[in-house]
Amino acid sequence: MNTTSPKWFTIMEILVTISILAIAFAWIFVVLENSSWLIAQSKIKTQNINISREGIEIIHNIRDTNWTRRSAQKEECRLKIDPLADDDGICSNDAWMKSWRYTIIQETTSNNQEYFALQRLSGVDIKNIDDIVTIAENIQICNQGALLTNCDRDHSNTTLRIIQIKWLYEKNTNIAGGELLDCDNGEDVLCGWPNPKELVFCAHTYNIKEDITQTTLCSAITNFAK
């Protein structure tokens, strides 16, 4: 007489099956958790890129505003940090974009027209991320209209942006390799002269949560000999 084996699992088989299922579910959970983190990081990175790109566009806009308002003094006025400062037609002695770090501010004219300008970060020596955190209140950005500028009051915003003017490069063919200029304003002969020059600058964006995510985009503004 033939006998057949029982069809139910032994206790050992049940324990092995439970262990395998537990490991599989744990692995799935880890994958999902990592995927969520990667999606969140990608979202922050995309946001930082857009904010840095916006900063670059604003610098070009400031240059264009200077040119438009003072077409007769394009070279002397094109790099003013505040396009409407001392708006009397003579601007060569107004503050220029020079090698330093700035934040973007939104100003309003007497007839309620809004425009953008740069504000120098005074006494700031930024060498690492810790220095950024210590001045966070000065470089937070907030929604103001269609664009993002620095906050006009204390916010809990975790997004920071700095505009760094790296250098103004005078492409003088008589000087080997050209010349770096350090211009306080457009009164300097080399700074305000229509020789070809290139302003190189970067927009640094920081997002502070559990970690600090940094994104940097750089650009250049070039003028041409008349």
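The values are calculated or read from the model by the stated rules, or taken from the named source; none is laboratory data. All figures in this text were calculated on a predicted structure; none of them were measured in a lab. Every residue, glycine as well, gets a Cβ built from its backbone with ideal geometry; the counts of neighbours run over all protein chains shown.
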Note on the range 183-226: residues among the acidic types (Asp, Glu) and under 29 Å from Ile141 (Cβ atoms) are Asp184, Glu198, Glu210, Asp211
Residues being surrounded by fewer than 20 Cβ atoms within 10 Å (Cβ to Cβ) and of a type in the set (A, V, I, L, M, F, W, C): count how many of those fall in the range 67-83. 2
Counting only residues that are touching a His at 6+ places or on another chain (Cβ under 8 Å) and surrounded by fewer than 17 Cβ atoms within 10 Å (Cβ to Cβ), the range 195-226 contains a total of 3
Any residue in the range 84-101 that is within 21 Å of Asn138 (Cα to Cα), buried (at least 17 other Cβ atoms within 10 Å of the Cβ), touching an Asp or Glu at 6+ places or on another chain (Cβ under 8 Å) and without any contact (Cβ under 8 Å) to a residue 40 or more places away in the chain? no
Go through (1) at pLDDT 80 or above; (2) surrounded by fewer than 17 Cβ atoms within 10 Å (Cβ to Cβ); (3) touching a Gly at 6+ places or on another chain (Cβ under 7 Å) and name the single condition Gly192 misses. (2)
If I ask for residues that are surrounded by fewer than 16 Cβ atoms within 10 Å (Cβ to Cβ), modelled with pLDDT of 85 or more and either over 17 Å from the mean Cα position of the chain (by Cα) or of a type in the set (Val, Ile, Thr) (or both), which ones from the range 34-66 would you list? Thr46, Ile49, Asp64
Restricting the range 172-188 to residues that are among the hydrophobic types (A, V, I, L, M, F, W, C) and at pLDDT below 75, the one farthest from Ser92 (Cα to Cα) turns out to be Ala176
